[in-house]
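What follows is one structure encoded as structure tokens, with my remarks underneath.
The values are calculated or read from the model by the stated rules, or taken from the named source; none is laboratory data. None of the values given here were measured: they were computed from a predicted structure. Every residue, glycine as well, gets a Cβ built from its backbone with ideal geometry; the counts of neighbours run over all protein chains shown. Just so you know, the surface numbers come from the protein's heavy atoms only, side chains and all, with ligands and any DNA or RNA stripped out. Shrake-Rupley method; radii C 1.70, N 1.55, O 1.52, S 1.80 Å.
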Amino acid sequence: MSRPENLSIVEPGSPESISQKEYSIEEYVEHFSELVELERQEEMERHEREMKQLSGWERQKEGRAILNARARDDGIGLGGKFLVKFVRKDGLPEIEISVGDLVRISKNEPLSDDNPSGTVIEKTGYSLKAAFDDRPPEWMYDKVRIDLYVNDITYQRMLDALEKIDDLKGKKRRLIDTLLNEKDRHSNPVEKVYFCNRELNESQKEAVKKAIESEEFHLVHGPPGTGKTVTSVEIIEQAIEKEKEVLACADSNVAVDNLVEHLVSRGREVVRVGHPARVTPVLRKHTLDYILEKNDTYQKAQELREKAFDLKDKQDEYTYPSGRWRRGLSNEAIKSLAEKGKGSRGIPPQKIKEMAKSLEIQEDVDELFEKIDRLEKKAVGEVLDKSDVVCTTNSSSASQALEDEKFDLCVIDEATQATEPSCLIPAIKAEKLVMAGDHKQLPPTILNERAKDEGLDETMFERLIALYGDDIKTLLKIQYRMHEKIMRFSADEFYDGELIADETVKTHTLKDIIEEDPNGKFEKVLDPEVPISLIDTQGEMSERTRAGSTSKENPGEAVLAESLVTSYVDVGIEAADIGIITPYKDQADLIRNKVKKEELEIDTVDGFQGREKEVIVLSLTRSNDRGVIGFLRDLRRLNVSLTRAKRKLILLCDTETLSYHEIYDKLFDYVEKEGKSFEVSV
């Protein structure tokens with residue numbers, strides 16, 4: 001098939017597309033600070049633009065606001081947060097707002113600087129509970145509007161990390177120097193490693209050994225299903241055995257929780273730093289806030305906090321020296337006049353006495369809060385000293401709780417899903433860095449086009465490979481997820497054919513979990529003994545674009561996906577074991593509206609990265625007579641798409657449209673040879 005010449009491009013993620021530039025510290029800080037600021041402004045502007053363009057009712061209809069909510073005080077929560085519950089008599093509308101999101105509260109002007117922001121910690125059908133760092137204003141306890149907002153603190157922490165690198169000393173400075181420029185790296189050869197996890201395969205052991213030997217940094221390259229996290233955990237355990245201080249991170253809370261779960265199962269004492277609302281419920285007992293609740297020093301701090309709040313309530317009984325009552329008087333002048341029983345410039349003596357009493361109480365409150373801060377800091381230190389490892393997101397590694405903590409080793413899992421400035425936040429806290437990831441899968445999502453064009457989506461992981469070559473990384477070679485035939489195409493195209501399917505998965509199929517088909521439901525395309533099938537929709541099912549959208553959908557492929565899932569469920573495959581994925585958000589929404597099975601997961605390819613199912617139905621969506629395939633040209637998206645299924649992968653696609661790209665053409669030839677292909681007729 002002839003292909004348009006303009007499709008001959010350098011694919012994203014290839015060595016030729018990654019910058020090999022070396023930086024001075026000044027250039028590095030300036031370059032990435034500008035990109036972070038561009039991205040920050042883009043995200044802020046998107047939220048604010050929508051708040052300006054849509055009315056409150058329209059934003060509520062979109063699921064990003066709640067109108068006419070009533071608030072009530074719900075006490076003090078973990079970490080001294082002020083809890084507020086918001087309810088509506090007729091229940092909450094359908095909303096995107098979920099636990100862990102940042103919300104802004106207003107009377108109906110969400111962009112005002114005076115509006116408080118809180119973190120959602122609980123959501124039911126009729127209420128939303130949020131935690132606030134500061135005591136909420138009185139006006140909030142009336143009818144209010146709640147808006148989904150953006151959390152700016154991550155961007156600020158990236159910028160802070162960039163500003164700090166020039167001040168680093170010793171081993172921390174040496175690490176940063178090797179991350180910025182190609183320099184001689186140091187290693188200490190280790191003759192024998194006594195592995196904590198004796199189930200590791202040879203490539204995992206090699207990765208652990210090289211990570212131990214490196215003095216500055218090492219990369220663990222883990223293709224789908226090869227055990228990146230298991231390898232990361234072993235590297236952490238090796239450091240723990242040597243009594244090293246370890247910080248373990250990932251960009252997302254889900255990935256951090258995965259680390260915590262593995263470490264806890266290995267019997268390690270883990271402290272999970274971060275907002276409890278963003279932590280998987282079963283792991284909350286390992287959070288810093290939860291552990292602090294049982295710490296004697298912290299309990300003393302909370303007793304003082306209650307005393308301080310009681311004093312603040314008492315202070316409300318007296319006039320505070322502000323506005324028309326202050327009239328230029330200093331605190332000392334107010335106290336002096338009160339002692340003498342005098343008034344001043346139209347302020348009666350009684351008001352002077354009240355203001356003096358308010359100031360006296362404020363001094364007591366300030367003194368109490370100073371003691372509280374010292375006690376809480378001491379309590380955090382006591383908890384961290386007893387831990388084997390601290391786990392947190394890249395961003396939260398810069399939280400106040402870890403401000404003075406020093407680490408020998410920082411391990412970042414899923415490092416290729418984080419921007420370089422994100423990885424820098426934890427990296428500057430340690431003397432040595434190990435990153436695990438796969439630059440052949442999807443990079444972090446970047447909103448700002450200029451920031452993307454100038455390299456913000458190029459991760460530190462892949463930049464270092466471009467700078468130093470393959471010697472700085474170890475490839476994990478054995479995968480434990482996919483049937484060999486599902487794995488093979490990606491293995492050959494993206495990993496130089498070096499991946500091997502473990503014997504436990506090499507030949508597994510749906511036949512192993514479906515004993516019989518009593519009703520004869522299986523059609524050829526559903527054949528449980530065939531691991532990969534393709535339904536060719538060319539000429540029958542066209543793509544379309546919704547009004548006002550830039551995404552794509554394909555109604556015909558959506559109907560096919562629904563039919564396939566129904567057939568599998570009818571023969572005994574659990575809906576929870578099936579996933580429907582597609583590169584396009586609108587197609588995912590369309591399928592979601594058609595398929596009404598609660599446990600079935602339907603998502604975009606990007607949203608499903610890192611996940612797996614026994615059966616994956618992949619709707620590639622694009623179908624046109626011009627061979628236009630949009631962002632399907634990013635072959636990392638194809639790689640992720642093909643590597644989510646364990647036992648069965650079904651592709652729904654227009655082969656004529658997609659074959660304009662040579663890699664898709666090769667894929668279809670591969671399925672024809674190793675699986676089964678069918679044409680659809682309507």
Of all residues in the stretch 531-553, which are closer than 15 Å to Q587 by Cα, among the acidic types (D, E) and open to solvent by 20 Å² or more (accessible area, probe 1.4 Å)? E543
Would you say A69 is touching a strand residue (DSSP E or B) at 6+ places or on another chain (Cβ under 8 Å), among the hydrophobic types (A, V, I, L, M, F, W, C) and under 30 Å from I428 (Cβ atoms)? no
Quick one: which of S98, S55, S33, S17 is at pLDDT below 85, open to solvent by less than 80 Å² (accessible area, probe 1.4 Å) and farther than 30 Å from D669 by Cα? S98
Could you look through the stretch 75-93, keep only residues that are modelled with pLDDT of 80 or more and not in a strand (DSSP E or B), and pick out the one that is nearest to E293 (Cα to Cα)? K81
Kindly provide the set of residues from the stretch 626-682 that are more than 21 Å from T507 (Cβ to Cβ) and among the basic types (K, R), ordered by number. R626, R633, R636, R637, K666
I'm trying to understand the selection: among the residues of the stretch 610-645, which are over 18 Å from D586 (Cα atoms), out of contact with any Lys or Arg (no Cβ under 8 Å at 6 or more places or on another chain) and open to solvent by 10 Å² or more (accessible area, probe 1.4 Å)? G610, D625, R626, R633, D634, L635
Is the stretch 160-180 home to any residue that is part of a helix (DSSP H, G or I), among the small types (G, A, S) and within 18 Å of S422 (Cα to Cα)? yes
Scan of the stretch 170-191 for residues that are under 24 Å from K406 (Cα atoms) and free of Cβ contacts under 8 Å to residues at least 12 places away in the same chain, ordered by number: R173, D177
Restricting to the stretch 382-396, what's the tally of residues that are in a helix (DSSP H, G or I) and surrounded by 14 or more Cβ atoms within 10 Å (Cβ to Cβ)? 5
Across the stretch 646-655, the tally of residues that are open to solvent by less than 10 Å² (accessible area, probe 1.4 Å) and among the charged types (D, E, K, R) stands at 2
Among the candidates R157, R145, R135, single out the residue that is of a type outside the set (D, E) and open to solvent by 70 Å² or more (accessible area, probe 1.4 Å). R135
State the number of residues belonging to the stretch 464-477 that are within 16 Å of A207 (Cα to Cα) and either open to solvent by 40 Å² or more (accessible area, probe 1.4 Å) or part of a helix (DSSP H, G or I) (or both). 5
Do we find a residue being within 30 Å of I513 (Cα to Cα) and of a type in the set (S, T, Y) anywhere in the stretch 541-564? yes
Can you find even one residue in the stretch 192-214 that is of a type in the set (V, I, T), touching a Gly at 6+ places or on another chain (Cβ under 8 Å) and touching a residue at least 40 places away in the same chain (Cβ under 8 Å)? no
Residue, least open to solvent (accessible area, probe 1.4 Å), within the stretch 203-218, restricted to residues that are closer than 20 Å to K171 by Cα and aliphatic (A, V, I, L, M): A211
Taking strands (runs of 3 or more DSSP E) that fall entirely within the stretch 198-308, which contain at least 2 residues that are in contact with a Cys (Cβ under 7 Å, 6 or more places away or on another chain)? 246-250, 270-272
Of the conditions (1) under 22 Å from M460 (Cα atoms); (2) free of Cβ contacts under 8 Å to residues at least 60 places away in the same chain; (3) more than 25 Å from the chain's Cα centre (by Cα), the single one that V233 does not satisfy is (3)
Please state which of the following conditions E431 fails to meet, knowing it meets all the rest: (1) at pLDDT 95 or above; (2) closer than 26 Å to P583 by Cβ; (3) surrounded by fewer than 24 Cβ atoms within 10 Å (Cβ to Cβ). (2)
Please state which one of K506, K485 is in contact with a helix residue (DSSP H, G or I) (Cβ under 9 Å, 6 or more places away or on another chain), open to solvent by 20 Å² or more (accessible area, probe 1.4 Å) and closer than 28 Å to F631 by Cβ. K485
Failed item in (1) in contact with a Pro (Cβ under 8 Å, 6 or more places away or on another chain); (2) free of Cβ contacts under 8 Å to residues at least 24 places away in the same chain, with D669 passing the rest: (1)
For the stretch 282-339: of the residues being of a type in the set (V, I, T) and modelled with pLDDT of 90 or more, which is most open to solvent (accessible area, probe 1.4 Å)? I291
I'd like to know if the stretch 270-277 contains one or more residues that are at positive phi, open to solvent by 40 Å² or more (accessible area, probe 1.4 Å) and at pLDDT below 90. no
Are any residues in the stretch 437-458 of a type outside the set (K, R), under 22 Å from S641 (Cβ atoms) and outside any loop (DSSP other than H, G, I, E, B), and if so, which ones? G437
Here's a check for you: in the stretch 154-170, which residue that is at pLDDT below 95 and closer than 26 Å to L263 by Cβ is farthest from the chain's Cα centre (by Cα)? R157
Test of understanding: among P116, P93, which residue is farther than 30 Å from K378 by Cα, open to solvent by less than 40 Å² (accessible area, probe 1.4 Å), in contact (Cβ under 8 Å) with a residue 12 or more places away in the chain and out of contact with any Leu (no Cβ under 6 Å at 6 or more places or on another chain)? P93
Would you check if there is a residue in the stretch 148-169 being aliphatic (A, V, I, L, M), touching a residue at least 60 places away in the same chain (Cβ under 8 Å) and farther than 26 Å from S399 by Cα? no
Across the stretch 340-376, what is the number of residues that are assigned to a helix (DSSP H, G or I), open to solvent by less than 50 Å² (accessible area, probe 1.4 Å) and either over 21 Å from E303 (Cα atoms) or in contact with a helix residue (DSSP H, G or I) (Cβ under 6 Å, 6 or more places away or on another chain) (or both)? 12
